[in-house]
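For reference, the structure is listed below as structure tokens.
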Amino acid sequence: MQIFDTHTHLSMRDFQRDLLEVFSRARESGVQKFLCVGFNFRSSGESVALAEKNKDVYSAIGVHPHDAKIVQAEDFSFLESMLLSSPKVVAWGEIGLDYYRDLSPRDVQKSVFRAQIQLAKKHRMPIIIHDRDAHQDILRILKEEKANEVGGVMHCFSASWKEAREALDLNFYISFAGNLTYPSSRGIQEAAQKVPRERILVETDSPYLKPWPDRKGRNEPLFIKEVLRFLADLRGEKLEDLAQKSWENAHTLFLKGGR
Ligand code: NI
């Protein structure tokens, strides 16, 4: 079985002590590719470095809405130079809006989000979207900025079928993470049954979002199987088939079908 964990934060401190073991546990259980996602300048740089060091790791670069308030215009050219210097950078993200924690003022979040969509389009990179309690503004901005020209993924999907359908119309994939397995996630589960299989991705978002029932503690790529198992059951599909299909989808979106 081949599994692509399309969203991890393996460069974070949480993995500093035992990253090699985390990798080998995951690889042994079939996780054969990892997309390590940046959320500020430092983590973007670290993600690129990790991808340069490991054949099966790819990276994404971007500034998360939490850090939108500390961004300056010249910082973006720094991100662009990272992108141009490494063929392992395959997406722009994670970017978006977070109205749950509101760590940056909302108007700043929006302008930093728009600026990065434009950069993703300039470099023809798919976009990784972080959307926390901001579904309507996210979808509106994606439409206004014509993000469909590059497409991307709604990472850690947390809305309902209505929003999923709008995102699909905008040329976006839907990625499911550990929160899919929580008993309170009925709306997400309903969407997960309806998303066409050509547009499904899976991820751990590790070290966050450990799947149910053992939600406490650090998540890691190994546990992506719990997400796949839950999703396959929901959809009445075989785990192996869904793993394979989402593997192919990840290649189509991030690796232009190849590599
Ligand atoms: Ni993330």
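Could you list, ordered by first residue, the pairs with Cβ atoms under 7 Å in which the first is in the range 197-219 and over 9 Å from Ala177 (Cα atoms) and the second is of a type in the set (Lys, Arg) and in a strand (DSSP E or B), at least 6 apart or interchain?
From the range 197-219, no pairs qualify.
Looking at the range 120-135, which of the residues that are in a helix (DSSP H, G or I) and basic (Lys, Arg) is surrounded by the most Cβ atoms within 10 Å (Cβ to Cβ)?
Result: Lys121.
Among residues belonging to the range 1-19 that are of a type in the set (A, V, I, L, M) and under 15 Å from the mean Cα position of the chain (by Cα), point out the one that is nearest to the ligand (Cβ to nearest atom).
Leu10
As an exercise: evaluate Ala60 against (1) in contact with a strand residue (DSSP E or B) (Cβ under 6 Å, 6 or more places away or on another chain); (2) assigned to a strand (DSSP E or B); (3) over 26 Å from Arg101 (Cβ atoms) and give the number of the one condition it does not meet.
Of (1) in contact with a strand residue (DSSP E or B) (Cβ under 6 Å, 6 or more places away or on another chain); (2) assigned to a strand (DSSP E or B); (3) over 26 Å from Arg101 (Cβ atoms), only one is false for Ala60: (3).
Show the residue pairs that are 6+ apart or on different chains and have beta-carbon atoms under 7 Å apart, the first residue being within the range 9-27 and more than 23 Å from Ile128 (Cα to Cα), the second being away from the ligand (no atom under 16 Å from the Cβ).
Note: pairs meeting the criteria are Arg25/Leu222.
Go through the range 205-219 and count every residue that is within 14 Å of the ligand (Cβ to nearest atom), of a type outside the set (Gly, Ala, Ser) and surrounded by 19 or more Cβ atoms within 10 Å (Cβ to Cβ).
Of the residues in that region, 4 qualify.
Any chance the range 52-68 includes a residue that's at pLDDT 95 or above, more than 16 Å from the ligand (Cβ to nearest atom) and among the basic types (Lys, Arg)?
For the range 52-68, residues at pLDDT 95 or above, more than 16 Å from the ligand (Cβ to nearest atom) and among the basic types (Lys, Arg): present.
Counting only residues that are closer than 21 Å to Asn54 by Cα and exposed (fewer than 15 other Cβ atoms within 10 Å of the Cβ), how many does the range 71-94 have?
Count: 4.
Which residues, counting only those in the range 37-51, are within 15 Å of the ligand (Cβ to nearest atom) and touching a Ser or Thr at 6+ places or on another chain (Cβ under 7 Å)?
Result: Val37, Gly38, Ser43, Glu46, Ser47, Leu50.
In this structure, does Glu94 turn out to be under 15 Å from Glu203 (Cα atoms) and within 16 Å of the ligand (Cβ to nearest atom)?
Here the answer is yes, as Glu94 does meet what is asked.
Determine which single condition Tyr99 fails, assuming it passes every other condition in (1) in contact with an Asp or Glu (Cβ under 6 Å, 6 or more places away or on another chain); (2) closer than 23 Å to Val195 by Cα.
In the conditions (1) in contact with an Asp or Glu (Cβ under 6 Å, 6 or more places away or on another chain); (2) closer than 23 Å to Val195 by Cα, Tyr99 misses (2) alone.
Evaluate the following for Ile141: is it under 18 Å from the mean Cα position of the chain (by Cα), closer than 21 Å to Ile70 by Cβ and not in a loop (DSSP other than H, G, I, E, B)?
no
Can you find, within the range 200-259, the residue that is nearest to Ser11 (Cα to Cα) among those that are more than 18 Å from the chain's Cα centre (by Cα) and of a type in the set (Asp, Glu)?
Asp214
The values are calculated or read from the model by the stated rules, or taken from the named source; none is laboratory data. These figures come from a predicted structure and were not determined experimentally. When we count neighbours, we look across all protein chains shown, and the Cβ atoms used for this are built from the backbone with ideal geometry, even at glycine.
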